[in-house]
Amino acid sequence: MADSYFPPELLREILLKLPAKSLIRFTVVCKSWHSLITSFPFISTHLAQTPHTNTLLVRRYVSTHNNENYSLFQDSKNRPFSLNFTSELHFPFNCQLGYFRIVGSCNGIVCLSDDLFGELQSLVLWNPSIQKYITLPLPSIKPQLPHMSVLGFGADLPETDDYKLVRLVYSKNDDVVYNGPPEIEIYSINSGVWRRVVGVEIKHCMVEFMWSQAFVNGSVHWIAYDVVPNGGGIRSLVMSFSVADEVFGEIMLPDALVGVIATNLSIMLFEESLAVVKYEGEIDGASCEVWVMKQYGVLESWSRLYRINFVAGMEKVVGFRNNGEVLFSTRGNNLVSYNPNSGRNRGLGIQGSSRSFYVQNYRESLILLKGNSVISGRILERMGGLWI
């Protein structure tokens, strides 16, 4: 036997220190190793012990070739951030038109939605580091047109080791105005089904097509807005959804952002904190401000990190590097790195459709290990109450 010279406890501790890709190979050593590595307790413990690294997941879409490309970059101060040091990932899915919306990523899992113009075609949870995925059933709420929907993805750890999607569906009238609060449904990987939520009335609206999320402190966050009655204008805010207890809440924005129209705000992650980017101005005189909530849930902790005047065709903040630089997409369909201290702007040699760029810190894991393999297409198995 391959493990006859090691006590089981020692073998487990050794394997827990190995990267996910090595563990995938070791599942074929023998049956006992396979049973150990694919067990729910091992996968959960391995995730808890996996350190956060300087790895970035980068997505870009090249329209001329209709290619949606995903790469893992090691983003360190001593190594240039460029395609010369990338691990290109095999992307096994086909979008109906263009590229997938990345709903969010968490613990090595990327949630992909093919939802061009609100018509949801497919939902996938994909672990790119081990090339495993599951295709989720389509939602149960099927509203009549016109309507728009918003998704959120996050994890309930360590309470239930579950991963959930929440979907809000807004119906609209012919004038494209929302008709009342949205319908709500939640998908739990543990249960494998969509469940409607009743008795919850959401009064906030969200921006159609342009929504994005940030998963922080166990909650999904979106930019939302309220229409103030009697000509009071628009009030922007952050709406939250706690994945563990499935409760919606709100986080107030600082005075400098409350009156800004929601389409000019974008929610992101800055390190491990909630961040909001405010855009202003037109093409040649455009700029942005980056605000960070340094203490989660504390209104007074919102702080403006910097204001950036757009140069060299900069169009949109895509993400933040580990060396403090800001990643921008440009009107020329390039990804550039901007140093807010020196004001220097550097091209990275990475091209793609400007709106398609996605950059997020990535942490590899074994989650979805028993999902469909990109190579073998094995049938999904259920183990330990979690699809793993």
Taking a ≥ b ≥ c as the square roots of the Cα gyration tensor eigenvalues, with a/c under 1.5 meaning rounded and otherwise prolate when a/b beats b/c or oblate if not, segment 29-160 comes out oblate
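What accessible area per residue comes out for segment 252-294, rounded to a whole number of Å², with a 1.4 Å probe?
Computed with neighbouring chains in place, this is 45 Å² per residue.
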The farthest towards the positive end of the charge dipole of the chain, of the residues 238, 266, 87, given +1 on Cβ of Lys and Arg and -1 on Cβ of Asp and Glu, is 87
Read-out Cα extents along the principal axes in Å, candidates [x] 72, 61, 49; [y] 64, 49, 42; [z] 75, 52, 44; calculated match is [z]
Reduced to Cα centres, the span from segment 296-356 to segment 117-165 in Å works out to 28 Å
Diffing segment 147-160: the Karplus 3J(HN,Hα) column from phi (6.51, -1.76, 1.60, θ = phi - 60°), in whole Hz with x for Gly and Pro, holds 7, 9, 9, 10, 10, x, 9, x, 10, 9, 10, x, 4, 10
Heads up, segment 202-305 by the C-alpha gyration tensor (a ≥ b ≥ c square roots of eigenvalues; a/c under 1.5 rounded, else a/b over b/c prolate, else oblate) looks oblate
Residues whose built amide H sits under 5 Å from the amide H of residue 216, excluding neighbours closer than 5 in sequence, are 221
With all protein chains present, segment 27-167 has a carbon and sulfur share of its accessible area (1.4 Å probe) in percent of 52 percent
Honestly segment 163-225 on the Cα gyration tensor test (a ≥ b ≥ c root eigenvalues; a/c under 1.5 rounded, otherwise a/b vs b/c for prolate or oblate) is just oblate
Tilt, helix 40-49 to longest principal axis of the chain (alpha-carbon atoms), in degrees rounded to tens, equals 60 degrees
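The values are calculated or read from the model by the stated rules, or taken from the named source; none is laboratory data. The structure displayed is predicted, hence computed values, not measured ones. Here Cβ is always computed from backbone atoms with ideal geometry, including for glycine, and neighbour counts include all displayed protein chains. SASA here: full protein model, heavy atoms, side chains in, ligands and nucleic acids out. Shrake-Rupley method; radii C 1.70, N 1.55, O 1.52, S 1.80 Å.
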